[in-house]
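**Q** Got a structure for you, written out below as C-alpha cells; questions coming shortly.
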Number of protein chains: 2
Amino acid sequence: MPVPGKIKKAAMANEQAWPKADNRRIVIEGVVPEVDHGTVPIKRIPGEEVRVRADIYSDGHNSISAQLLFRQKSSQLWASVPMTLLGNDLWEGKFLISLFKDHEYTIRAWVNLFETWQKEFRKRLEAHQDLTMHITVGKAILKQLLSEDIQDDHLIDPVERQRIMDQCQGEMTPQALLDERLTVFSQNIPDRLTCYDYLKILPVQVDRKQALFSSWYEFFPRSFGKTGHHGRFRDCLPVLKEVARMGFDVVYLPPIHPVGVTRRKGRNNSTQSETGDPGSPWAIGSPFGGHKAVHPDLGTIEDFSWFVREAKALGLEIALDVAYQCSPDHPYVKEHPEWFAKRPDGSIQYAENPPKKYEDVYPIDFNSPDKAALWMELKSVIDFWISHGVKIFRIDNPHTKPFVFWSWMIGEIRKVCPDVIFLAEAFTRPKVMNQLAKNGFSQSYTYFTWRSTKEEIIQYVGQLITGESREVYRPNFWPNTPDILPVHLQNAPRSMFIIRFVLASTLSSNYGIYGPVYELCENQPVEGKEEYVHSEKYELKSWDWDRAGHIKEVITQVNQLRKIMPELQTTWNTRFCDIENSKIIAYTKSSHDGKRHLLIAVNLDPLKDQTGWVKVPLYDWNANLNSRYEALDLITQAKSQWQGEWNQVILDTKERQFLIYELRFQQ
Amino acid sequence: MPVPGKIKKAAMANEQAWPKADNRRIVIEGVVPEVDHGTVPIKRIPGEEVRVRADIYSDGHNSISAQLLFRQKSSQLWASVPMTLLGNDLWEGKFLISLFKDHEYTIRAWVNLFETWQKEFRKRLEAHQDLTMHITVGKAILKQLLSEDIQDDHLIDPVERQRIMDQCQGEMTPQALLDERLTVFSQNIPDRLTCYDYLKILPVQVDRKQALFSSWYEFFPRSFGKTGHHGRFRDCLPVLKEVARMGFDVVYLPPIHPVGVTRRKGRNNSTQSETGDPGSPWAIGSPFGGHKAVHPDLGTIEDFSWFVREAKALGLEIALDVAYQCSPDHPYVKEHPEWFAKRPDGSIQYAENPPKKYEDVYPIDFNSPDKAALWMELKSVIDFWISHGVKIFRIDNPHTKPFVFWSWMIGEIRKVCPDVIFLAEAFTRPKVMNQLAKNGFSQSYTYFTWRSTKEEIIQYVGQLITGESREVYRPNFWPNTPDILPVHLQNAPRSMFIIRFVLASTLSSNYGIYGPVYELCENQPVEGKEEYVHSEKYELKSWDWDRAGHIKEVITQVNQLRKIMPELQTTWNTRFCDIENSKIIAYTKSSHDGKRHLLIAVNLDPLKDQTGWVKVPLYDWNANLNSRYEALDLITQAKSQWQGEWNQVILDTKERQFLIYELRFQQ
C-alpha cells in the first residue's frame, strides 16, 4: 500500500482544463465512507487504514480504471492507489494513515481505452478475424499513454515504461499487445478525455494514538488528604504511583477549580450544606477564581504543574473536566452578567430540570448577545490548561450547549494543537451523541454503562463497530461514573465488578473507571436511584485502598495485557463468537494482518460457574476447520491444545471468571 | 393535507437576515427522500404524495417544531405543513402533488420556546411550585409569537389568533396557559432566533399520469399490409381498433424511418439480404431520409399524422422508437462524417460487440468534436416528432450513450413539453439502469422479463418498490420484446403466456407486450437463443390474429379492470401475501386511503392445478382478525364469503389461472 511519503504530481481535474462537464462519461456515487456529504471528517489514528468503496461506472461497455487519491490536508500533492472492482460496479481502494496529520481523499476514474481495446482484441483473435488494423489502433492508444507526463508517478516504474516504449517502436505480436503488464500500465494513466474526479474532497481527522487507545482512571484528589483534611495535589503522589502500577495511562480529575459557597450542596445532594462540606466540584467559581484557577485547598497552579510533571514521569497523562457552568460566586457572574440568562425579575436563571432546581449552578447562555467574547473566553479556558501541560479534556454535558460551539472550538484548538483529545460526556439520545462526535470530539461516553445482558452487549457493540457512527464515534466504555452506579452493580458481588471491568477494557480500546470506589466494589446506591450513597461529589472521602475484596490485581493484569497486545488497542476488530451458553459471552480480536488472534470469554453470571462450547471462527480466518492449535492463557501462561471450531471453556465466579487466550496456529 | 393552492408567504432563512450560522441550534439530517444529495429529482405524478422523513434535533432539552415546506418549482411562495415526531428524533411530514408541475421541498425547524415553557410549567404546577414569575415568562413568549407577521399563513386561523390575543390581554390561569390550542399555535410560528432551514431545496419531477399508468402494445405496421405487401399506416386502422378494444392506451412502433440498403440484414439476421427483404427498422436512414423521415413504404408524413389522429380518436397514444444510430445510407453519414468514429483507414466504424459485427449500423460518436451541433440535431429529432403529435418516446439502448446527454436532452425537452414521456430501453447492470432513471427517464424497462419463480418475483418487485431506486425508477414490465423470447416462454403452453401477462399487468402499473406474437402465444426461439425464429425484425409477417388459442380476451378483461380500478394504476401499493403453496403467488393492492383492497393470485404452474391457503393481511389493514368479508371476483362478478386471515384459493391451468378479487369489508 503506498504511503503519502511517495507522492505523485497529480492535479485534480478541476485544477486543469481537462474534461468539460459535458464530456463526462464516468459516474462515481455511493462513496463510503462519506459523512454528511463530506462535510464531516472521518476519524483515524496513525497506523489505521482508510478503506474506500464507491459505485463507479460509465455508459457503454468499456473497461474503466479508478484510483483512490489521498494527501495530507491542503497539500498540493496527491498520492494515488489503484482501486479494484469487487463486482456489480462496486470498487474498492485503501490507504494507510502513516503520519499524524489530517488527511483527505477523493476518487478519480476514467474510461481505459487500452484495456477496452485489449478485451476486444482478445475476442477478435480468438475468432480468427483480420487483426492488422486493430494492431495499429492498439499501438496508437499505447503510444498516447506513453506520451503522458508521468515522470513523477510512483505507480509507474520508469524502467518498465522505457521497456514498453522500446517495444512500441518495433513490430508487436498480438500476444505482446495482450501482455498483462501493459494492462497494469494502462490502469495507472488517466485518460485525458474521460478522466473524472469525484466532486468532493473528503476529510480525515487524524488524532494521536491515545484517541483510540486509552485507560482512564478518575479520582477526586480532595479525598486523598491526611485524615479529615481536604486533599492537596502534593498529597497525591502515592495515588499516581498506584494508578500507574495498575496500568492506567490517563488520570482524569473532576473540576479542580474553586467551589462556590452560595447555595452550596451538602452531603447526599442536600440543598443545605454544613460547615466543612466541600460542595460539588461542578459548582465552579468563587472569589478565588473560576475556570482558570485551582481550588486553594488543592494547592497552587504550581502544585498542579508539579502534579502534571510527576504524572508524566509515571507514564500518566492528566485529563481535566471542563464543565462550562458557574456557581453564583464565579467571577464571570459579576464581570459578565450578560453571559447568563435572566428571569423577568432581573435575577440570573439557575439550572433547572423542572421540577428539580440546581441553585448552586448558573448555566452559561451560549447564545448571549455578547457571544463572540463569551466563546473566545470559553475557548481560552482550554488554551490556559494546554499551557499548563493538559492535552486531554473530558467535556461535561456538551449536549446542552450549541453543536456549532463545539465544532468551532475543537476546530480552533486542533489547528494549533492537533494532539488535544476531547471526550464527550453526553448521556443522551443516540443521534445527539453522534452529532457531538461529528462536531470533532475524539472520544464519546456510551450506553455500555447500562448494557448488561449478552444480547444487549452484542447488539450495542455491533452497532458501534459496524453502524453509521463507526467512522466518527470512538467509544469509551465506563462501568461506573461518579453520577452512575448502574442497577447491575448495586449491591452486587465482587464478581460483577470484575465482569464489567473485563468487558469494558477488552471490548473497547478506550475505557475508564471511577475509583477507588470501583476497584473496592462499592455497591450501595441511594434507594431507587443510580447515585452512590454518600457520594464523593458532595463530601470528602477516605479510602482504605487495600481493603479485602478489591479487584486491583485483575485490573493490573488486564491493563498490562492491553499495553503489550496491539489487538486490545483497537475497538474495531471485536467479533462475537457463537457459544452454546447464554451466560457466557465470547469474542475475538485479531490483528490487522490476520496473523494473531485473541479470544476472550467472560462469565456474565456473577453467581454461578458456567461451561460452554465456543465456536472459533476458523472459516473467517481461512484456517482448516480441523486445525489443531494452541490456546495460550495470557493471564496464567498455561497452554492447552484446541482443535477444530468448537472448543470448551470453563468459567467460574471466583478465580476464573474470564479468560483471554491467544490462539496460536502453526505457520 | 394542505395543497399548494393555499400558500403562505414564508421566505427561506437564506433569503432573510434571520439566523446567522453560529446561532444555529437545529440539526436536520438523514432527509429521505433525497437522491444524490438533492441533485436528482424524485418522481411523482399528480395525486401522489411526497412523504418526507428526517432526523431533527437540537442541543439541550427544549421542544422543537418542524415544518415541511413545498412549492411549485421556482415559485416565490412556499406552502408548509407541520411535521410530527415519530420517535428517536425522527420526524415526518407529507404533502400531496395536486398540480402537474415540478415541485420542490425542504424542511424548517426551530426551538419551540412556548412548548418548552409549557412542558416545564406543567411540571412546576404538579410540584406545587410558585408560578407567578413563570406565568409572566410564558405570556411574554406567547406575545412574541402573536407579534410575528403571520397574516398570510394558512396554518393560522385568524379567528383563533385573535382569540389568543384577547386572552393574552387579561389574566390567564395556569390551565389556560397549558391549553393544547396554544401548543398547536406555537407549532406553526417559527422562532426567529433558532429557525433553521435545511440547506438544500430538493426537487420533484412531476410527470403526467401516464408516466405511472400505461398499457403498451408494440407492433410492426409493415406486417399489416395486404398479403405480401409492405404494410402502410393507412392499412393499420383495424389494428388500432383491435388494440383499443383490448384496452391498451399506448401503441409503440419500432422505428418508422427509411431503412438502409447497404449491408442490409436478411431474414433470421442473415448478413446476406435477398431482394424484397425489408431490413431491420433499426438500420435507420436511406436516401429517402433519416430520423425525421417516414419510410416511403409506410406512407408519407401526412399518413403518419393521420395515423396519430386516428389513434387519438380511439384513446391511443403513439410512442415512437428513438434509436440514435445510422445505416451507412443515412444522410448524416455524408453530411456530417465528423459525427462518426473513424478507423485508421478513414472508414467509418460500424457497430461491433467483438467478435460480432453489425455492419448495417453506424453508432453515432456522442463525443464527436462537433458535439454541440450533434446534440442539438439529436434533440431536434424529438422536437420534430413532438410537432407531429408524438409525446411518448421509447429510447433504444440509452446506456451506450453518455448519461449527460440524456439529462441535458430530457431536461431541455421537459422545459417546453413537460408532458413528454421517455422510456429507457436499457437491459444492463442495475446501477447503470438506475442512473438512466436519475437522468430523467420517466419509465424504465426491467429484469421482470427474466424473473419467473415466485422467489425471484417477490424479491425483485420488493426491491423495485422499497429499494433505493424507488423514488426515481418507474418500472415498465414486458413479458416479451422483439429481441427477447425468454426461456420460460420458449415452447411454452398458452397458460404460461397468461401467467406472464397477468403478472406484468397487475404487479406493475406500466406494462407492455410485443404483439400480435404475444397474444398468439408464439413460442419458437432460434435454437439456444432468446430470439424469435423468423423474427419480425428482419421480415414482413402476416398474422392470423384470431387464430385459435390466442389470449386476447384475458388481456381485454385485465386491461378493462386496470382502467376502472385505481388500485391497479400504481405499482407502489403491491404487497405480497403469505400463501401455503410455492406455486401460487398472491399479492394485494390497496387504495391510498386504505379503504379498498384487491387481492390477486396467480398459478405460476402452467401445467398443474394448484390450491392454496392465502393469508389476507387483516392486521395491516386494522381489520378484526375474525372479520367476515366478501370476496368479489372482478372477472366473473361471483361473490364468496371469506373469514379471518387464511382463506382458500383454487386455481387451474385453463379457465381460472388467476383471480382478481376485491375484498369488501362492511363499513
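**Q** Give a residue-ordered list of calculated ³J(HN,Hα) values for segment B:329-334 (Karplus: 6.51 cos²θ - 1.76 cosθ + 1.60, θ = phi - 60°; whole Hz; x for Gly, Pro).
**A** Using θ = phi - 60°, the values come out as 9, 5, x, 4, 4, 7 Hz.
**Q** Short version: ³J(HN,Hα) in whole Hz for each residue of segment A:311-325, in order, from phi by Karplus 6.51 cos²θ - 1.76 cosθ + 1.60 (θ = phi - 60°), x for Gly and Pro, what are they?
**A** Each residue's phi maps through the Karplus curve to give 4, 4, 4, 8, x, 10, 9, 8, 10, 9, 8, 10, 10, 7, 7 Hz.
**Q** Compute the label-point distances linking residue A:162 to its equivalents in the other copies; points lie 7 Å from Cα along Cα→Cβ; give nm, one decimal, shortest first.
**A** Distances to the matching label points in the other copies: 9.4 nm.
**Q** Please give the helix A:494-507 orientation as an angle from the longest Cα principal axis of chain A, in degrees from 0 to 90, rounded to the nearest 10.
**A** 30
**Q** Give, as ranges by residue number, the residues of segment A:377-392 whose backbone N falls under 18 Å from the point 7 Å along Cα→Cβ of residue A:309.
**A** Flagged as within label range: A:385-391.
**Q** May I ask you to derive the FRET efficiency for residue A:636 and residue B:88 from their Cβ-Cβ distance with R0 = 45 Å, giving the value to the nearest 0.05?
**A** Details: r = 45 Å, r/R0 = 1.00.
Between residue A:636 and residue B:88 the formula returns 0.50.
**Q** Could you work out the per residue convex hull volume over the alpha carbons of segment B:574-664, in cubic angstrom?
**A** Values: hull volume 7.5 nm³, N = 91.
So the per-residue hull volume is 83 Å³.
**Q** Sticking with this one: Would you grab the residues whose amide H sits under 5 Å from the one on residue A:635? Only those 5+ places off in sequence or on another chain, please, with H modelled 1.01 Å from N.
**A** So residue A:635 has HN proximity to A:660.
**Q** Can you work out D for segment A:160-210 in µm² s⁻¹ from Stokes-Einstein, where Rh is the Kirkwood radius over C-alpha pairs, the temperature is 20 °C and the viscosity is 1.002 mPa s? Walk me through the numbers on the way to the answer.
**A** On the way: Rh = 14.7 Å.
The diffusion coefficient I find is 145 µm²/s.
**Q** Between residue A:73 and residue A:608, what is 0.36 nm times their sequence separation minus the Cα-Cα distance? Round to one decimal in nm.
**A** Values: separation 535, 0.36 × 535 = 192.60 nm, distance 5.42 nm.
187.2 nm is the gain from fully extending residue A:73 to residue A:608.
**Q** Can you give the angle from 0 to 90° between the axis of helix A:454-466 and the longest principal axis of chain A, with both taken from C-alpha atoms, to the nearest 10?
**A** Around 50 degrees separate the two axes.
**Q** Same structure, new question: From the phi of every residue in segment A:618-624, what ³J(HN,Hα) in whole Hz does the Karplus formula 6.51 cos²θ - 1.76 cosθ + 1.60 yield, where θ is phi - 60° and glycine or proline is x?
**A** Values per residue, Gly and Pro as x: 4, 4, 5, 8, 6, 9, 4 Hz.
**Q** Also, quick follow-up: Please compute P(r) over all alpha-carbon pairs of segment A:621-667, binned at 5 Å starting from zero, and give each bin as a whole-number percent.
**A** 5, 19, 29, 23, 15, 7, 3, 0
**Q** What FRET efficiency would be calculated for the residue pair residue B:370, residue A:146, taking the C-beta separation as r and a Förster radius of 30 Å, to the nearest 0.05? Mind showing how you got there, number by number?
**A** Details: r = 29 Å, r/R0 = 0.95.
Here the calculated transfer efficiency is 0.60.
**Q** Of all DSSP beta bridges located in chain B, what percent are antiparallel, nearest 5? Walk me through the intermediate numbers first.
**A** Working: 78 of 107 bridges.
About 75 percent, rounded to the nearest 5.
**Q** Please compute, over every Cα-Cα pair in segment B:4-206, the percentage with a separation greater than 25 angstrom. Can you show the working numbers first?
**A** Values: 8290 of 20503 pairs.
That fraction is 40 percent.
**Q** Please state, as a whole number in µm²/s, the translational diffusion coefficient that the Stokes-Einstein equation yields for the protein assembly as shown at 25 °C and 0.890 mPa s, with Rh defined as the Kirkwood radius across alpha carbon pairs. Walk me through the numbers on the way to the answer.
**A** Values: Rh = 36.5 Å.
This corresponds to a translational diffusion coefficient of 67 µm²/s.
**Q** Count, for each residue of B:23-34, the Cβ atoms from other chains sitting within 10 Å of its Cβ, then give me the mean as a whole number.
**A** Working: counts 4, 5, 7, 2, 7, 0, 7, 3, 0, 0, 0, 1.
So the per-residue partner count for this stretch is 3.
**Q** Counting alpha carbon pairs within less than 8 Å and at least 6 residues apart, what relative contact order, in whole percent, applies to segment A:574-664? Numbers along the way, then the final one.
**A** Values: 198 pairs, mean separation 28.8, N = 91.
Rounded, it is 32 percent for segment A:574-664.
**Q** A further question on this structure: Can you give the Kirkwood hydrodynamic radius of chain B from its Cα pairs, in Å with one decimal?
**A** Values: mean 1/r = 0.0353 Å⁻¹.
About 28.3 Å, per the Kirkwood formula over Cα pairs.
**Q** Give me, ordered by chain and number, the residues 5 or more places off residue A:324 or on other chains with an amide H under 5 Å from its own placed amide H.
**A** Result for residue A:324 returns A:396.
**Q** What do you get when you divide the Cα radius of gyration of segment B:75-164 by 2.2 N^0.38 Å, with N the number of residues? Can you show the working numbers first?
**A** Values: Rg = 17.5 Å, N = 90, 2.2 N^0.38 = 12.2 Å.
In units of the 2.2 N^0.38 Å rule of thumb, it is 1.44.
**Q** Given the protein assembly as shown, what percent of its DSSP beta bridges are antiparallel, to the nearest 5?
**A** Bridges in the protein assembly as shown that DSSP calls antiparallel: roughly 75 percent.
**Q** Between copies, how far apart are the residue A:349 label points? List them in nm, one decimal, shortest first, with each point 7 Å from Cα toward Cβ, please?
**A** 6.9
**Q** Give me, ordered by chain and number, the residues 5 or more places off residue B:533 or on other chains with an amide H under 5 Å from its own placed amide H.
**A** Residues meeting the criterion, in which the H sits 1.01 Å from N, are B:524, B:526.
**Q** Out of all Cα-Cα pairs in segment A:119-266, roughly what percent, to the nearest whole number, are more than 23 Å apart? The partial results should precede the final answer.
**A** Working: 7107 of 10878 pairs.
The calculated P(r) of segment A:119-266 puts 65 percent of pairs beyond 23 Å.
**Q** On to the next question. So what does the Cα-only Debye profile of segment A:352-502 read at q = 0.10, 0.13, 0.14, 0.15 Å⁻¹, as log10 I(q)/I(0), no solvent term?
**A** -0.44, -0.73, -0.83, -0.93
**Q** Contour minus end-to-end for residue A:209 and residue A:352, with contour as 0.36 nm per residue of separation and end-to-end as the Cα-Cα distance? Working shown, then result.
**A** Values: separation 143, 0.36 × 143 = 51.48 nm, distance 3.85 nm.
So the extension gain works out to 47.6 nm.
**Q** Still on this structure, please answer the following. Using a 10 Å cut-off on Cβ to Cβ distances, tally the other chain neighbours for every residue of A:58-68 and report the average as a whole number.
**A** Numbers: counts 5, 16, 9, 5, 1, 0, 0, 0, 0, 0, 0.
If you average over the peptide's residues, the count of other-chain Cβ atoms is 3.
**Q** Would you mind calculating the gained length between residue A:300 and residue A:245 on full extension (0.36 nm times residue separation, minus the Cα-Cα distance), in nm to one decimal? Show your work: numbers first, answer last.
**A** On the way: separation 55, 0.36 × 55 = 19.80 nm, distance 2.65 nm.
Length gained between residue A:300 and residue A:245: 17.2 nm.
**Q** Return a whole-number percent for the relative contact order of chain B, with Cα pairs under 8 Å and 6 or more residues apart as the contact set. Each step should come with its number before you reach the end.
**A** Working: 1334 pairs, mean separation 67.3, N = 667.
Relative contact order of chain B: 10 percent.
Only the coordinates and a few stated rules stand behind these numbers; no lab work does. The shown structure was predicted, so the numbers you read here are calculated from the model rather than taken from an experiment. Cβ sites come from the backbone with ideal geometry, for glycine too, and all protein chains shown count toward neighbours.
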